[in-house]
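Below you'll find the structure, written out as structure tokens, and then a few comments.
The values are calculated or read from the model by the stated rules, or taken from the named source; none is laboratory data. Since we're looking at a predicted model, the values are computed, not measured. In this analysis, Cβ positions are derived from the backbone assuming ideal geometry, glycine residues included, and neighbour counts consider all displayed protein chains.
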Amino acid sequence: RLEKFYSKSMGIIPTEMQQAVHITCLCLILVAFCKVHGETQKPCEELKCSYHGPAIHFPFRIKDRHPDHCGYPGFVVSCNDRKETVLELPTIPVKLSVESINYERQKMYLYDPDNCLVAKLIEIRNMSFSPFYVIDTQNITLFNCSSLVMQHEGLDPNPNYPVAAPCLRSPGHQVYAVDSAGHVEALQSCTKMYNVFSVPYYFQGEQAALFRWSKPNCTECDAEGKKCRLKTSDTNNEIECVLDLRKANMSKWNGIGYGYHGNMSLN
């Protein structure tokens with residue numbers, strides 16, 4: 001008792017209490033550090049506009065749901081009221097939705113939710129799609145028809161069959177687009193309107209157009225099983241490959257599970 005009284009009166013804290021105080025201070029410092037850095041560098045989650053929609057992660061980000069640093073400049077999508085993934089490109093006046101994204105091959109398929117893709121591609125054919133580009137273009141011819149025309153079904157690598165453009169029709173008349181070197185015999189009863197040159201290539205059966213990007217090039221990160229992101233201390237939009245903690249944790253838990261079941265089988 002005298003020893004305890006002497007320790008308290010002299011301001012000497014026992015070793016256990018000193019350790020507890022040190023640990024508490026360290027925890028408070030770590031919490032403050034994480035809070036400060038969390039506000040400036042929030043985590044970048046993989047998100048979707050809908051259950052069946054494309055997964056969105058770097059270089060893309062969802063407007064108003066991802067922080068700016070989660071995406072590369074120009075790679076912005078948004079979710080509309082129908083939970084469709086809409087590409088946000090200020091250089092073009094039309095809205096196209098994202099059907100799918102292949103991150104490994106750096107390409108995506110765009111479609112028109114209003115089912116008039118060919119008309120929108122005609123409208124934007126001479127505009128900049130930066131940071132995206134199209135590899136192939138095609139020349140098409142528009143026809144005005146007084147009756148419905150049989151269209152080709154399915155994904156055809158050579159879209160030579162008529163494609164309806166319902167947004168261009170008028171009462172009692174349908175408008176069809178066809179590759180200028182394609183099956184125009186199906187439109188013999190129709191009136192030719194005009195030719196349109198250098199329209200972005202589209203798959204008429206799926207009503208989807210293929211767009212690609214070359215920068216940023218995250219293929220090396222994907223090949224190494226790592227995540228691609230903007231360098232945190234760089235203002236030149238340089239990217240870096242970092243460990244994908246989600247994949248690492250999954251591998252870790254799979255390893256633990258394997259070891260556990262292995263021990264069970266040995267016993």
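Taking the stretch 28-58 on its own, how many of its residues are within 25 Å of residue 241 (Cβ to Cβ) and at pLDDT 75 or above?
11
With a cut-off of at least 2 residues that are in contact with a Lys or Arg (Cβ under 7 Å, 6 or more places away or on another chain), name the strands (runs of 3 or more DSSP E) lying wholly within the stretch 61-109.
Fully inside the stretch 61-109 and qualifying: 76-79.
Taking the residues in the stretch 110-144 that are in contact with a Ser or Thr (Cβ under 7 Å, 6 or more places away or on another chain), among the polar types (S, T, N, Q) and in a strand (DSSP E or B) as candidates, determine which candidate is surrounded by the most Cβ atoms within 10 Å (Cβ to Cβ).
Here the residue is 141.
So for the stretch 108-119 (the condition being acidic (Asp, Glu) and farther than 27 Å from residue 187 by Cβ), does at least one residue qualify?
no
Just checking, how many residues over the stretch 167-190 are of a type in the set (D, E, K, R), within 34 Å of the chain's Cα centre (by Cα) and surrounded by fewer than 19 Cβ atoms within 10 Å (Cβ to Cβ)?
So the answer is 1.
Exactly one of these conditions fails for residue 106: (1) more than 19 Å from residue 218 (Cβ to Cβ); (2) under 16 Å from the mean Cα position of the chain (by Cα). Give me its number.
(1)
Find the residue count for the stretch 126-148, including only residues that are more than 21 Å from the chain's Cα centre (by Cα) and within 22 Å of residue 77 (Cβ to Cβ).
Qualifying residue count for the region: 1.
If we scan the stretch 217-227, do we find a residue that is in a strand (DSSP E or B) and either surrounded by fewer than 17 Cβ atoms within 10 Å (Cβ to Cβ) or at pLDDT 70 or above (or both)?
Yes: the stretch 217-227 contains one or more residues that are in a strand (DSSP E or B) and either surrounded by fewer than 17 Cβ atoms within 10 Å (Cβ to Cβ) or at pLDDT 70 or above (or both).
Hey, among the residues in the stretch 160-196 that are among the aliphatic types (A, V, I, L, M) and assigned to a strand (DSSP E or B), which one's nearest to residue 146 (Cα to Cα)?
Step by step, filter the stretch 160-196, then rank; the result is 175.
Listed here are the residues, each with its yes/no results for (1) over 27 Å from residue 222 (Cβ atoms); (2) in contact with a Cys (Cβ under 6 Å, 6 or more places away or on another chain); (3) of a type in the set (A, V, I, L, M); (4) in contact (Cβ under 8 Å) with a residue 60 or more places away in the chain.
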site: 56; (1), (2), (3), (4): no, no, yes, no
site: 60; (1), (2), (3), (4): no, no, no, no
site: 76; (1), (2), (3), (4): no, no, yes, no
site: 79; (1), (2), (3), (4): no, yes, no, no
site: 91; (1), (2), (3), (4): yes, no, no, no
site: 94; (1), (2), (3), (4): yes, no, yes, no
site: 112; (1), (2), (3), (4): yes, no, no, yes
site: 119; (1), (2), (3), (4): yes, yes, yes, no
site: 123; (1), (2), (3), (4): yes, no, no, no
